[in-house]
Every structure is written in structure tokens, then in C-alpha cells.
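Novice: Have a look at the structure that comes next, please.
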Amino acid sequence: MKNLIQSISISLCSSYFIIMLISLKSPHDYWFSETIVNQFFYAVILGTVIAVANQLYKLDWSMFVVLLIHYAITVTAVFIIGYYGSWFDLDNVKSVFLLYARASVIYLIVWLYYYTEEKRAIRKMNSQLQHRGE
């Protein structure tokens, strides 16, 4: 449950950050319409997909395989949800590339968060083991 809430929160924050950047060109199109409500639901769906994909980290597979599968799921979800959320125009290659770049940056930030948490847990366990041995 904690994983789900974290993923949805991260998805919402990053989605609203992207909306804020986009809305600098035309604020009334995003902040004063039903678009913002729709984007909220798309962000929740994306966060849920990412939370489910995060369950891969619990498997006893190589980290490389887990990361590859997780990335594929995440980017695929971003493209599908982004299509319905009008995050890009399929006819505009630059728009699709920017979406891919944004998804990759968001994925990297989320992955770094989990990686840092895992490293912290390992350091804590090592410290406890060292104190037992003394």
C-alpha cells in the first residue's frame, strides 16, 4: 500500500509539473477547464501502473532484467496514457521525443529514489551486523 501511495504521489507531482510547464504558453487551456481533472485521473492511473510494476523489485531476478522490464512497462504506460491525455501529437516527432525524454527523466528520478532507499537499508543492515560482531 505504501508503494502504491508513493507511486501515485510521484506521478501526480511529476504530471502537474509537466502541466505547469506546458500551461505557461496558454494557462487557461489547462488550469481553468476540465482538462486538469482529466489529467489528475491519468496521473492516478499511471501511478497505479508504476506501483504494480514496482512489485518486480520483490522478485529474485537480476537487477538488470527487473530494470529493463520495469522501464518497458513504465514507458509503454506513459505513451498509452499520454495518447489519451493528449500529452503529445503523434504527427509531431518532436512532441513524441519530448514525451519520451520526460518519461525517461521521471523514470530515472523514481528509480534513483528506490535505489537510494535500498542502499540506505543495506547500510543499516551492515551496521547492525557489525555491531553484533563486536
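Novice: What is the residue count in the range 79-97 for residues that are hydrophobic (A, V, I, L, M, F, W, C) and at pLDDT below 85?
Specialist: Going through the range 79-97 one residue at a time, the tally reaches 4.
Novice: In the range 83-102, which residue that is part of a loop (DSSP other than H, G, I, E, B) and more than 17 Å from the chain's Cα centre (by Cα) is surrounded by the fewest Cβ atoms within 10 Å (Cβ to Cβ)?
Specialist: ASP91
Novice: Inspect all residues belonging to the range 27-47 and state whether any of them is at pLDDT 80 or above, outside any helix (DSSP H, G or I) and under 17 Å from the mean Cα position of the chain (by Cα).
Specialist: No, every residue in the range 27-47 fails to be at pLDDT 80 or above, outside any helix (DSSP H, G or I) and under 17 Å from the mean Cα position of the chain (by Cα).
Novice: Go through the range 47-77 residue by residue and tally those that are under 16 Å from ILE10 (Cβ atoms) and hydroxyl-bearing (Ser, Thr, Tyr).
Specialist: Qualifying residue count, the range 47-77: 4.
Novice: Quick one: which of LYS94, LYS119 is more than 19 Å from GLN55 (Cα to Cα), without any contact (Cβ under 8 Å) to a residue 24 or more places away in the chain and not aliphatic (A, V, I, L, M)?
Specialist: Testing whether each residue is more than 19 Å from GLN55 (Cα to Cα), without any contact (Cβ under 8 Å) to a residue 24 or more places away in the chain and not aliphatic (A, V, I, L, M) leaves just LYS94.
Novice: Let me ask something else. Scanning the range 56-79 for residues that are out of contact with any helix residue (DSSP H, G or I) (no Cβ under 9 Å at 6 or more places or on another chain) and assigned to a loop (DSSP other than H, G, I, E, B), which turns out farthest from TYR100 (Cα to Cα)?
Specialist: Filtering first and then ranking leaves ASP60.
The values are calculated or read from the model by the stated rules, or taken from the named source; none is laboratory data. Computed from a predicted model, the values in this text were never measured in an experiment. Here the Cβ is made from the backbone with ideal geometry for all residues, glycine too, and neighbour counts use every protein chain on show.
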